[in-house]
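Okay, so here's the structure we're looking at.
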Ligand SMILES: [Zn+2]
């Protein structure tokens with residue numbers, strides 16, 4: 001099994017194109033062509049994790065946080081990142097991360113948090129990412145084949161439906177000129193062909209692949225397609241999740257449940273003004289930028305990590321803000337990696353790191 005075969009599985013779920021501009025998700029050490037003996041899953045790559053990978057003969061380490069974030073000027077063993085890299089290179093390890101791209105898909109980091117809390121009617125708290133309507137014209141006899149190729153490239157998903165398309169029959173005309181090689185019709189003779197116009201909704205990050213599918217599968221020398229940007233963002237990509245508890249809960253009871261589920265050393269939270277909690281917004285990692293969004297969406301509580309003192313003031317008794325810890329909020333992300341890989345390859349050696357990489361302790 002090659003590294004790329006495994007990272008392709010992760011990226012089919014969380015495409016690298018969805019990562020934030022500042023991020024460095026993807027393969028940061030090793031080679032996509034490398035042969036994988038075993039996979040070790042973790043939240044952070046630390047020296048203890050690298051040692052564990054070597055010991056356990058897992059030569060592919062998949063983490064949520066990328067080992068390398070900033071430019072590296074040398075590989076002297078003066079900081080942990082450099083020491084990890086040198087040891088990884090010396091031991092032929094491949095190191096890969098799915099970070100903000102895993103934050104930005106509905107079933108990703110925040111979706112997993114929501115599942116752990118049993119939230120129903122989940123949707124993305126702050127949808128981001130453009131949607132396009134892609135239309136193209138195919139001779140009727142080939143329309144189904146070309147449409148299928150474009151759908152395989154990742155478009156046509158709307159809500160809980162896949163392979164969505166609209167197809168209308170019509171007549172296309174063209175006059176093949178000198179040096180053309182028409183699929184049908186004759187040189188210098190106006191030709192009319194029964195064609196199908198197909199329209200498919202495509203997210204931005206699948207647009208190039210979809211157009212490539214048209215180019216590679218269309219029988220015409222000059223296939224025609226149109227791209228129109230839709231007004232609304234993609235509802236299934238973006239940050240955070242909002243959903244509902246099946247039954248309203250007492251705020252303190254709810255927070256204690258959160259503490260137990262996520263193994264929080266402490267939860268820092270604003271006043272429990274609401275008598276009951278039912279609508280829950282959350283975001284794995286550092287989600288303070290979504291506080292206003294959670295308030296606007298009328299969430300009773302917003303769970304995330306890394307809230308600063310002044311950010312708690314934004315609650316103003318409209319919402320309960322609860323900082324459950326950055327590591328704690330993302331601790332179940334590695335389960336997503338595990339499920340994605342073992343679903344495709346049930347017998348492949350995939351294991352969780354036993355190292356607790358949380359750098360924060362609570363007294
Ligand atoms: Zn994080």
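Suppose we look only past 15 Å in the calculated P(r) of the range 131-229. What percent of the Cα-Cα pairs does that tail hold?
Numbers: 2898 of 4851 pairs.
When every Cα pair of the range 131-229 is considered, 60 percent fall beyond 15 Å.
What's the center-to-center distance, using Cα atoms, between the range 20-74 and the range 281-324 in Å? Distance between centres, Cα-based: 31 Å. Label-to-label distance for residue 296 and residue 230 is 2.0 nm, based on points extended 7 Å past Cα in the beta-carbon direction. With respect to the chain, whose longest principal axis is taken over its alpha-carbon atoms, helix 251-262 is tilted by about 80°. Within the chain, antiparallel bridges make up roughly 70 percent of the DSSP beta bridges whose residues both belong there.
If R0 is 51 Å, the Cβ-Cβ spacing of residue 186 and residue 158 corresponds to a FRET efficiency of close to 0.80. Does anyone have the angle between helix 204-217 and the longest principal axis of the chain? Alpha-carbon axes, 0 to 90°, nearest 10? For 204-217 against the chain, the angle is about 30 degrees.
Dividing the summed -39500 (n - 2.57) terms of all DSSP H runs of n ≥ 4 by the residue count of the chain sets its mean residue ellipticity at 222 nm at -8500 deg cm²/dmol.
When a/c reaches 1.5 or more, the comparison of a/b and b/c decides; with that in mind, is the chain rounded, prolate or oblate per its Cα gyration tensor? Cα axes put the chain in the oblate bin. The simple spin-label model puts a point 7 Å past each Cα toward its Cβ; for residue 253 and residue 73 those points are separated by 5.7 nm. Residue exposure proxy: 347, 87, 229, ordered by other Cβ atoms within 10 angstrom of their Cβ from fewest to most, comes out as 347, 229, 87.
By the beta-carbon count within 10 Å of each Cβ, the least crowded to most crowded order of 310, 99, 326, 94, fewest first, is 310, 326, 99, 94.
Report the FRET efficiency, 1/(1 + (r/R0)^6), for residue 360 and residue 24, where r is their Cβ-Cβ distance and R0 is 25 Å, rounded to 0.05. Each step should come with its number before you reach the end.
On the way: r = 22 Å, r/R0 = 0.90.
Here the calculated transfer efficiency is 0.65.
Note on residue 204 and residue 35: the extension gain reaches 57.6 nm, defined as 0.36 nm multiplied by sequence separation minus the Cα-Cα distance. Listed peptides 32-40, 188-196 appear in the order 32-40, 188-196 once ranked by packing, highest mean of other Cβ atoms within 10 Å at the front.
FYI, it's all coordinate maths here, none of it is from the lab. Nothing here was measured: the structure is a model prediction, and the numbers come from that model. Note that each Cβ is placed from the backbone with ideal geometry, even for glycine, and that neighbours are counted across all protein chains shown.
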